[in-house]
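Where a number appears in this text, it was derived from the coordinates with a stated rule and is not lab data. All values derive from a computational prediction rather than experimental measurement. Because the Cβ atoms are built from the backbone with ideal geometry, glycine has one as well, and the counts that use them run over all protein chains shown.
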Amino acid sequence: MISPGELFTCQRCGSCCQGETTVSLDEDDLRRMGEALGLSREELFSRYLRRNGASVQMKTVDGHCIFYQQGCLVHRARPRRCAQWPLHPAILKDESNYSAITTSCPGLRGDLPYERFCRILDELLRQGDIVC
Ligand code: SF4
Ligand code: SF4
């Protein structure tokens, strides 16, 4: 059994929570966040979420995700895409994705040859949902 720790150790720099866009949320994310915060779907939307075209995202405040405050306020219920970051399947498709993510996330192991990194990541993804 391979663990995400073979490819990544979060440095808690908060860089992935910055910016004016956030990840898109799916139905399961909305359910978990609502339960964790004790909010109805309507309350969750009005306080924390926004629509961006067909997708639902988190609002941003002062250039970062509304849940970021020296860490993630909804860590246990954070969106699946946040939990998976930075071990994104797009890394397997193109080495330039690996380079870009390595540049933006200081926790990702950048010392492994790309092919070896991909072999381990592929195995991790086969094991099931990644939670970093
Ligand atoms: S996942 Fe990467 S970018 Fe995000 S806080 Fe951890 S080390 Fe920083
Ligand atoms: S939900 Fe948490 S982990 Fe995801 S972007 Fe917002 S603060 Fe960061």
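Structure above, values below:
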quantity	calculated
For Val56, distant residues with modelled amide H under 5 Å away	Leu25
Value in Å of the Kirkwood radius, where the chain supplies the Cα pairs that are averaged	15.8
Test item: Cα-centred dipole of region 1-121, Lys/Arg +1 and Asp/Glu -1 on Cβ, debye	180
Cα-based shape type of region 18-73, given that a ≥ b ≥ c are square roots of the gyration tensor eigenvalues and the cut on a/c is 1.5	oblate
Low-density loop cleavage sites - trypsin sites (Lys or Arg not before Pro) in region 1-58, where at most 12 other Cβ are within 10 Å (DSSP)	Arg12
Sorted by Cβ neighbour density within 10 Å, fewest at the top, the residues His88, His75	His75, His88
